[in-house]
Amino acid sequence: MPDKIPFRTPIPPEPKGKRVSAAEAEKMLLEKLAYHEKQFEQTIFNLACLNSQIGHPEIATKYLDRLMAITDDPEKKASYLLAMGCLMEKTQDFERAIGFYSQALSLEPTNRNTWYFVNNNLGFCLNYINKYVEAEPYCRAAIKIDPHHHNAYKNLGISMEGQGKYPDAAVLYIKAVETNARDPRAFMLLEELVAKHETIKYDIPDIQDKITKCREAVRLAHGMPPGNKDN
């Protein structure tokens, strides 16, 4: 059972060897499913991931439903529910995503990565449908689980901004950049926030200096030449 979160990881480098089409890859996995009983669950999971990646969310969901039906392990169930929630996000069905994440939350998984992203993703989806107050405790829970991951800082910043707590939001966006400057979204949100609410400078007098440092951190993280403002 993989620990990493499906549907949210970056595309890995292209492997060496013969290139196969999505249809050929699916055929190979189905053949593996027939002859390798011990790898049954992993193969079903791979088929779900494949169909998600090639734009077949209905088929991917059926594979994930099958996984849910064949295990009583709450850790696995939470992981599969997390995967289903991520799949719903990809199809912009945030209400269903919230439902899956809420089910996973009720299982109280002990895997740190699963527990973090269940809370973080639930906060993200609630923010997306403008339920900023409801999103806040899940974002804070995710930060408590893993304070070294940037996503929940960004999502808590969005929650604070949605509640009109602009200085708090700015501090959280800055923290998200400090935690992972390779993801430019928090910096973009920070710039937009300060541009819309100039009064933030009275609460954070050195905000422009902080923005400059964040911009430089993002530039360095992406290997941009000096003066390039593309984020």
Within the range 117-159, restricting to residues that are small (Gly, Ala, Ser) and within 13 Å of the chain's Cα centre (by Cα), the one that is surrounded by the fewest Cβ atoms within 10 Å (Cβ to Cβ) is Ala142
Need pairs with beta-carbon distance below 7 Å; first residue at positive phi and within the range 178-193, second assigned to a helix (DSSP H, G or I) and β-branched (Val, Ile, Thr); sequence gap 6+ or separate chains. none
Please enumerate the residues belonging to the range 68-85 that are in contact (Cβ under 8 Å) with a residue 24 or more places away in the chain and surrounded by fewer than 22 Cβ atoms within 10 Å (Cβ to Cβ). Ile70, Thr71, Pro74, Glu75, Lys76, Lys77
Can Lys165 be described as basic (Lys, Arg) and either crowded, with 23+ Cβ neighbours inside 10 Å or touching a strand residue (DSSP E or B) at 6+ places or on another chain (Cβ under 6 Å) (or both)? no
Test Ala181 against the criterion of being in contact with a Lys or Arg (Cβ under 9 Å, 6 or more places away or on another chain), buried (at least 19 other Cβ atoms within 10 Å of the Cβ), closer than 19 Å to Ala135 by Cβ and not assigned by TED's automatic domain parsing to the domain that holds Asn113, and give yes or no. no
Kindly provide the set of residues from the range 35-93 that are part of a helix (DSSP H, G or I) and charged (D, E, K, R), ordered by number. Glu37, Lys38, Glu41, Glu58, Lys62, Asp65, Arg66, Glu75, Lys76, Lys77, Glu89, Lys90
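The values are calculated or read from the model by the stated rules, or taken from the named source; none is laboratory data. All figures in this text were calculated on a predicted structure; none of them were measured in a lab. When we count neighbours, we look across all protein chains shown, and the Cβ atoms used for this are built from the backbone with ideal geometry, even at glycine.
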